[in-house]
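This report concerns only the one structure given below.
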Amino acid sequence: MPIKSERAFRKGPVRWCRASLLGLCAAAAVGAADTNAPPAMTPEQRFEGGTNAYANWIDFTAGQAFVSGNRAQFQQQHQIPAGAFGGIGDFHFQTGIATNTTMTLDGHAIAEDHDYKLSLGVDREKVGFLHLSYEQSRTWSDGDGGFFPGSGRFYAAGDNPLALDRGKLTMEAGWRPETGPKVTFKYTHSFREGAVGSTEWGYAHEPGIPYAQGLSPTLEQIHEHSDSFQVDVANHIKATDVGLGLRYETGHLDDALKITQYPGEPVRQKITDRQGASYDLFNVHSFTETWVKTNVMFSTGFSYSGAGNNFSASRIYGNDFDVGYVPNAGSDFGYYGLTGTSRLHDYVFDLNLFYKPSPHFTIVPSLRVDREDWNATSSGFETHGLSAPVPFTSDSSRGLMDLRERLDLNYNGVTNWAFYGCGDFTEGDGNLNQNGGLVPVAGVGIPGVGEQTDDRRFF
């Protein structure tokens with residue numbers, strides 16, 4: 001609010017003012033005799049709490065949620081615990097441990113919220129760094145099923161929410177001299193553990209309804225973890241910047257979708273749809289950038305990725321979850337013993353030229369080649385009702401080659417104007433082969449496929 005009037009009074013050596021509704025009051029000594037008063041603080045110092053600046057701090061936080069009704073729905077909507085929670089909201093500590101070397105420590109920890117983070121860093125100027133960190137968080141979901149207006153029935157899974165924890169552990173180290181190669185190493189461990197609600201609801205019979213409705217609650221159990229290792233090296237040699245990187249990642253997934261069919265009925269079933277996989281991924285990439293002249297730059301890039309995957313799966317109907325296959329007259333299509341492998345090889349190579357013949361005109365031609373090959377095989381047993389299981393197999397492969405040519409032109413020699421033109425051409429060819437798949441059981445179902453496709457593209 002602006003100050004429209006100010007009245008000033010003077011009595012002896014003290015001057016004071018009253019500033020309307022703002023309630024601002026300031027006092028200052030005047031006169032040559034009063035020289036012991038401290039200097040006035042700046043606005044920044046007032047905000048920080050004084051003339052001394054502090055590099056370290058710690059904050060505490062606490063809260064309480066009072067919930068009446070569905071606790072799971074509350075936690076899914078607000079993503080906080082239905083009760084008391086608290087802990088360290090934030091803290092930071094830093095100190096010098098040697099010449100040009102600084103150590104920092106940051107983090108927070110909120111109990112019941114399952115929100116944690118801790119990071120430690122050591123940095124030395126013109127030498128390198130070491131960083132360690134761990135973080136974990138939780139999300140909640142409601143596992144309830146649907147609501148059927150006709151009968152007013154609500155398919156609840158319970159008052160307790162489903163919880164999924166995510167976490168990551170990271171270690172990164174770097175070598176950073178003033179001259180010479182610069183090296184970075186990074187290790188990361190990631191995981192997801194817990195359960196989430198799914199809207200792939202199971203069937204339920206409703207009075208007076210001649211068909212089944214998808215209303216019964218379903219949950220998905222998740223167990224996933226991965227480890228990755230990465231090394232990057234960069235250097236400047238004469239007029240050229242060069243870089244090389246390697247990355248390896250391995251992981252394992254064991255997830256299951258658990259569906260309840262016809263809850264509370266004599267024909268109740270439980271379906272366990274399990275998906276598992278273990279994989280290995282390798283990548284190598286490199287680049288170069290060379291200034292041939294002050295107005296000409298030539299760059300290259302290359303990347304190779306190779307991935308291998310072993311997977312397994314099953315969809316089994318039973319009187320409980322995670323049981324073996326037993327023929328059941330009420331079972332729909334399912335399968336068990338599914339195993340398979342897949343392999344991927346991907347190569348990418350590009351060339352780029354930057355040419356500036358005049359101060360306002362640039363020409364950038366580029367070329368990119370992408371080659372991809374993959375194949376996959378699988379086998380298992382398909383089931384339906386009381387029929388005998390039927391074996392099935394499948395295999396597929398894909399080859400793809402793309403060549404992209406591009407030319408970019410830029411001109412900005414006219415005040416307040418920029419002119420741009422581009423020609424972009426992609427041509428490629430490939431093939432796709434697919435054979436097998438699910439087969440009929442007792443005459444019910446569709447036969448497997450047998451396809452061979454060749455394709456060519458230009459755009």
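The values are calculated or read from the model by the stated rules, or taken from the named source; none is laboratory data. All values reported here derive from a predicted model rather than from experimental measurement. Positions of Cβ are generated from backbone atoms using ideal geometry, with glycine treated the same way; all protein chains shown enter the neighbour counts. What goes into the accessible areas is simple: the full protein's heavy atoms, side chains included, and nothing from ligands, DNA or RNA. Shrake-Rupley method; radii C 1.70, N 1.55, O 1.52, S 1.80 Å.
The requirement of being closer than 30 Å to Tyr420 by Cβ and open to solvent by less than 50 Å² (accessible area, probe 1.4 Å) is not satisfied by Ser396.
Give Asp113, Asp90 a once-over and let me know the one that is more than 30 Å from Leu219 (Cα to Cα) and charged (D, E, K, R). Talk me through it step by step, then tell me what you get.
Working: Asp113 fails: more than 30 Å from Leu219 (Cα to Cα).
Answer to the selection: Asp90.
Only one residue in Tyr347, Tyr411, Tyr355, Tyr336 is more than 30 Å from Val441 (Cα to Cα), open to solvent by 30 Å² or more (accessible area, probe 1.4 Å) and within 32 Å of the chain's Cα centre (by Cα). Which one? Give the steps one after another, and end with the answer.
On the way: Tyr411 fails: within 32 Å of the chain's Cα centre (by Cα); Tyr355 fails: within 32 Å of the chain's Cα centre (by Cα); Tyr336 fails: more than 30 Å from Val441 (Cα to Cα).
One residue alone meets the criteria, Tyr347.
Considering every residue within the stretch 30-39, establish whether at least one is charged (D, E, K, R) and at pLDDT 95 or above. No, because not a single residue in the stretch 30-39 is charged (D, E, K, R) and at pLDDT 95 or above.
Within the stretch 71-91, the set of residues being open to solvent by 60 Å² or more (accessible area, probe 1.4 Å) and either in contact with a Leu (Cβ under 7 Å, 6 or more places away or on another chain) or in a loop (DSSP other than H, G, I, E, B) (or both) comprises Gln79 only. Looking at Asp322, Asp402, just one residue is of a type in the set (D, E, K, R) and either farther than 30 Å from Gly202 by Cα or surrounded by 13 or more Cβ atoms within 10 Å (Cβ to Cβ) (or both), and that residue is Asp402.
Evaluate the stretch 109-119: report whether one residue or more is part of a loop (DSSP other than H, G, I, E, B), in contact (Cβ under 8 Å) with a residue 40 or more places away in the chain, farther than 30 Å from Tyr262 by Cβ and under 26 Å from the mean Cα position of the chain (by Cα). Walk me through it before giving the result.
Initially, the stretch 109-119 is screened for residues part of a loop (DSSP other than H, G, I, E, B), giving 112-114.
Keeping just the survivors that are in contact (Cβ under 8 Å) with a residue 40 or more places away in the chain gives 114.
Next, only the ones that are farther than 30 Å from Tyr262 by Cβ stay: 114.
Imposing the further condition that a residue be under 26 Å from the mean Cα position of the chain (by Cα) reduces the set to 114.
Yes, the conditions are met somewhere in the stretch 109-119.
For the stretch 160-240, list the strands (runs of 3 or more DSSP E) that sit wholly inside it and hold at least 2 residues that are open to solvent by 50 Å² or more (accessible area, probe 1.4 Å) and of a type in the set (Lys, Arg); which are they?
On the way: elements: 162-175, 182-204, 213-237.
In the stretch 160-240, 162-175, 182-204 are the strands (runs of 3 or more DSSP E) which contain 2 or more residues that are open to solvent by 50 Å² or more (accessible area, probe 1.4 Å) and of a type in the set (Lys, Arg).
Among residues of the stretch 199-212 that are among the charged types (D, E, K, R), those with a Cβ under 7 angstrom from a residue that is modelled with pLDDT of 85 or more, sequence gap 6+ or separate chain, pair up as Glu200/Thr218; Glu200/Leu257; Glu200/Ile259; Glu206/Phe148.
Within the stretch 397-413, being part of a strand (DSSP E or B) and not acidic (Asp, Glu) holds for Ser397, Arg398, Gly399, Leu400, Met401, Leu403, Arg404, Arg406, Leu407, Leu409, Asn410, Tyr411.
Scanning the stretch 367-389 for residues that are assigned to a strand (DSSP E or B) and either open to solvent by 40 Å² or more (accessible area, probe 1.4 Å) or farther than 27 Å from Gly334 by Cα (or both) returns Leu367, Arg368, Val369, Asp370, Arg371, Glu372, Asp373, Trp374, Asn375, Thr377, Ser379, Phe381. Number of residues in the stretch 264-283 that are surrounded by 15 or more Cβ atoms within 10 Å (Cβ to Cβ) and not small (Gly, Ala, Ser) equals 11. Being of a type in the set (S, T, N, Q) and over 19 Å from Thr188 (Cα atoms) is the filter here; which residues of the stretch 250-289 pass it? If the condition is that a residue be of a type in the set (S, T, N, Q) and over 19 Å from Thr188 (Cα atoms), then Thr260, Gln261, Gln269, Thr272, Gln275, Ser286, Thr288 are the ones that fit.
Annotation note: of Ala55, Ala62, the sole residue that is hydrophobic (A, V, I, L, M, F, W, C), closer than 30 Å to His114 by Cα and modelled with pLDDT under 90 is Ala55. Across the stretch 414-453, the number of residues qualifying as open to solvent by 50 Å² or more (accessible area, probe 1.4 Å), free of Cβ contacts under 8 Å to residues at least 60 places away in the same chain and assigned to a strand (DSSP E or B) comes to 15.
Exactly one of (1) open to solvent by 70 Å² or more (accessible area, probe 1.4 Å); (2) in a strand (DSSP E or B); (3) over 18 Å from Arg456 (Cβ atoms); (4) not hydroxyl-bearing (Ser, Thr, Tyr) is unmet by Val364. Its number? Result: Val364 passes all but (1).
Scanning the stretch 222-239 for residues that are under 19 Å from the mean Cα position of the chain (by Cα) and free of Cβ contacts under 8 Å to residues at least 40 places away in the same chain yields His223, Glu224, His225, Ser226.
Counting the residues of the stretch 92-102 that are assigned to a strand (DSSP E or B) and either closer than 12 Å to Ala55 by Cβ or not hydrophobic (A, V, I, L, M, F, W, C) (or both) gives 7.
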